[in-house]
């Protein structure tokens, strides 16, 4: 029971439910890639489970590494002192073992897909872990996080077809801008802590007002890239309906946040962006099946 309890606490520590942020984009890329094979059902049967395992294992490993790397900062930050690794609910030893297990699962699952996916697994994992240190030396750490999430659709596509293509790369660029934008919002909560401890972030560098403008600009670029994807790859009405809803959600996210009123920051970060991912992923996947588009 102690092992099960530690595992449950570890899943809480890494916010396992937040896997939903990048997962729909990975599934969209995997389904689009499967349609390119001429036997979508067969390709998804062979690869879908491994792609899902790669996605979940990679994120779990990266988040566990992040918690281990940031343990001393989390202990000093009033906002994060309740995290499981700080309170002792999860021990560093158990977290390290969980990291090794999920890392191994990721590499194994990637190798089961194809040669290129297997070769890229370790470098991809290294990039995911490197993100944890970027806040120590650059205010552009938000873009590094965005790049990590943006690898999800690219990796899913490669996992199915064994080669990159324009569609997942552009989709990954949209995810990069979207995730960087919402990570800037998340970092607003730690402005004072970052300034007092020599950590870097755009809110700490530009102030809250400047950070809100940069986040809004990144989300505008996100919408523009998604619109360009739809037009270039001749996607159908369900895709564009999802895009309109996503644009509305992003506008709402920035409407409820003001430099002098950040009381709804949690709702803006967690609820709205979770909805963005699910709405866009669901509408886009439905479009592939109902409109017959093959990006």
query: Does residue 100 qualify as being surrounded by fewer than 21 Cβ atoms within 10 Å (Cβ to Cβ) and under 20 Å from the mean Cα position of the chain (by Cα)?
result: no
- prompt: Has segment 47-68 got at least one residue that is surrounded by 14 or more Cβ atoms within 10 Å (Cβ to Cβ) and more than 23 Å from residue 147 (Cα to Cα)?
  reply: yes
query: Just checking, how many residues over segment 36-46 are surrounded by fewer than 19 Cβ atoms within 10 Å (Cβ to Cβ) and touching a residue at least 24 places away in the same chain (Cβ under 8 Å)?
result: 2
query: Looking at this structure, is residue 100 part of a helix (DSSP H, G or I), in contact with a helix residue (DSSP H, G or I) (Cβ under 9 Å, 6 or more places away or on another chain) and touching a residue at least 12 places away in the same chain (Cβ under 8 Å)?
result: no
task: Identify the single condition in (1) farther than 20 Å from residue 128 by Cβ; (2) part of a helix (DSSP H, G or I) that residue 179 does not satisfy, given that it satisfies every other one.
output: (1)
query: Looking at 3, 86, 90, which is the one that is surrounded by fewer than 19 Cβ atoms within 10 Å (Cβ to Cβ) and either within 17 Å of residue 157 (Cα to Cα) or out of contact with any strand residue (DSSP E or B) (no Cβ under 8 Å at 6 or more places or on another chain) (or both)?
result: 3
field: residue 200, sole failed condition from (1) part of a helix (DSSP H, G or I); (2) surrounded by fewer than 21 Cβ atoms within 10 Å (Cβ to Cβ)
entry: (1)
- request: For residue 188, indicate whether it is crowded, with 16+ Cβ neighbours inside 10 Å, touching a helix residue (DSSP H, G or I) at 6+ places or on another chain (Cβ under 7 Å), modelled with pLDDT under 95 and part of a helix (DSSP H, G or I).
  value: yes
query: Does segment 126-138 contain at least one residue that is in a helix (DSSP H, G or I), over 30 Å from residue 203 (Cβ atoms), within 15 Å of the chain's Cα centre (by Cα) and touching a residue at least 40 places away in the same chain (Cβ under 8 Å)?
result: no
task: Considering each of 46, 59 in turn, give the residue that is under 13 Å from the mean Cα position of the chain (by Cα) and assigned to a helix (DSSP H, G or I).
output: 59
statement: When every residue in segment 273-295 that is farther than 22 Å from residue 234 by Cα and surrounded by fewer than 20 Cβ atoms within 10 Å (Cβ to Cβ) is compared, the one nearest to the chain's Cα centre (by Cα) is 274
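The values are calculated or read from the model by the stated rules, or taken from the named source; none is laboratory data. These numbers were taken from a predicted model, which means no experiment stands behind them. Heads up, the Cβs are rebuilt from the backbone with ideal geometry, glycines too, and the neighbour counts pull from every protein chain shown.
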